[in-house]
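The values are calculated or read from the model by the stated rules, or taken from the named source; none is laboratory data. Being a predicted model, the structure only gives us computed values, none of them experimental. When we count neighbours, we look across all protein chains shown, and the Cβ atoms used for this are built from the backbone with ideal geometry, even at glycine.
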Amino acid sequence: MQAVIDRFEGNYAVILVGKDEDQQLDVPKKLLPNEAQEGDCLNLIFEIDKDSTEQRKKRVEKLLDKLKNKD
């Protein structure tokens, strides 16, 4: 997915996302490359972290078990 840095506001970059750049995303500047500037195009890639997802599921299951067995 492509995006463009529209502007910087304080510690955030306002990024326009989508085919028509119709969605706005505020991203902390510290997450962008140091050389990022207004007008720069970015490639956004989302990946599933399977290990973290599994750990989260296990943690939630433990909490649910605790609630169920609270008597």
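Residues checked against (1) modelled with pLDDT of 95 or more; (2) out of contact with any strand residue (DSSP E or B) (no Cβ under 8 Å at 6 or more places or on another chain):
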position: Val14; (1), (2): yes, no
position: Gln23; (1), (2): no, no
position: Pro28; (1), (2): yes, no
position: Lys58; (1), (2): yes, yes
position: Asp65; (1), (2): no, yes
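So which residues in the range 27-45 are without any contact (Cβ under 8 Å) to a residue 40 or more places away in the chain and exposed (fewer than 10 other Cβ atoms within 10 Å of the Cβ), if there are any at all?
Hits for the range 27-45 are Lys30, Leu31, Pro33, Asn34, Glu35, Gly39, Cys41.
Out of all the residues in the range 4-17, is one or more assigned to a helix (DSSP H, G or I) and within 14 Å of the chain's Cα centre (by Cα)?
Checked the range 4-17: no residue is assigned to a helix (DSSP H, G or I) and within 14 Å of the chain's Cα centre (by Cα).
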